[in-house]
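Reviewing the structure listed below.
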Amino acid sequence: MKEHCEHQADCLKRIQSILDGGASEAEKDHFRQNMDACKPCIDMYNLEKCIKEALQGKVEKKCCPEKIAAAIRSGIAK
Amino acid sequence: MPEIMSDTQLQGYTDEQKYEVFNKEFMPHIDSMYNFAFRLTMDEDDANDLVQDTYLKAFRFISSFEQGTNAKAWLFRILKNSFINDYRKKSKEPAKVDYQDVETTYNSDEASETEHTTDLRFETVQDMIGDEVASALNSLPVDFRTVIILCDIEGFTYEEMAKILDIPIGTVRSRLHRARNLLKDKLKEYAASMGYNKNDD
């Protein structure tokens, strides 16, 4: 297991692309082949995934007040 | 990839069809639109106005929308443009004071290429509650906040984000990368101030 990653900046970008669903097949292959052997990359992956999940699941999603939806409906009815 | 209000052919909707498209394709996104507006303006009244203006604009230009294409991205693009044109100057943005520093540190191409490390641990983020994560997000300058909202909260693809923001996909990726580095710094600061890391060392 590698304790230091010499490509950390590039690996971080690749990890983000993978988590975002925007990675190429080559990026995914590289990730699959190397990830398990590099501790800094495993840590980065876990952190990026955790932050993404926190943003998706923990941050309150504000709902539109009904009066605004009603105002829109009446605005287009004119 | 659907076009979003660009050079697409104008649709010849009847009045009845316009209302049908509006109700079926636009109105279901109103909560996401409001959430986006609120995260941009950080103000409920401004978010109310921005959503209302955007929907009325969408109705006015409904002939530019092709039924069955990506209505959510189309609406988000209108909202983003309305925000830039009409609201940005007056929006209450707490991070404004720090913006110059942030620009200098994060907004250069060189900054995106340099190695960015953080000792923030995922367990620390797991322990945080939603309001704390939201505070860190809200403290980012609006351009960085926007890409994180679009990608991580709304789940848009890079291609959709590029269309919504009128920027190349490469810029979407690099802006996201910089935004996330900044967010991690904010989360780290927040965690330290709240004592989340006290047992880590």
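The values are calculated or read from the model by the stated rules, or taken from the named source; none is laboratory data. Because the structure is a prediction, the values reported are computed rather than measured. When we count neighbours, we look across all protein chains shown, and the Cβ atoms used for this are built from the backbone with ideal geometry, even at glycine.
The set of residues from region A:1-59 being closer than 25 Å to B:K186 by Cβ, in contact (Cβ under 8 Å) with a residue 12 or more places away in the chain and not in a helix (DSSP H, G or I) comprises just one member, A:C5. Looking across region A:1-49 at every residue that is surrounded by 19 or more Cβ atoms within 10 Å (Cβ to Cβ) and farther than 21 Å from B:V172 by Cα, the one that is nearest to the other protein chains (Cβ to nearest Cβ) is identified as A:C5. Per the listing B:V21, B:V51, the residue uniquely under 21 Å from B:D166 (Cα atoms) and out of contact with any Gly (no Cβ under 9 Å at 6 or more places or on another chain) is B:V51. The residue that is modelled with the lowest pLDDT, counting only those in region A:60-78 that are assigned to a helix (DSSP H, G or I) and more than 15 Å from B:T54 (Cα to Cα), is A:A77.
If you filter region B:32-57 down to residues that are facing another protein chain (nearest Cβ under 9 Å) and aliphatic (A, V, I, L, M), you find that the one that is nearest to the chain's Cα centre (by Cα) is B:A37.
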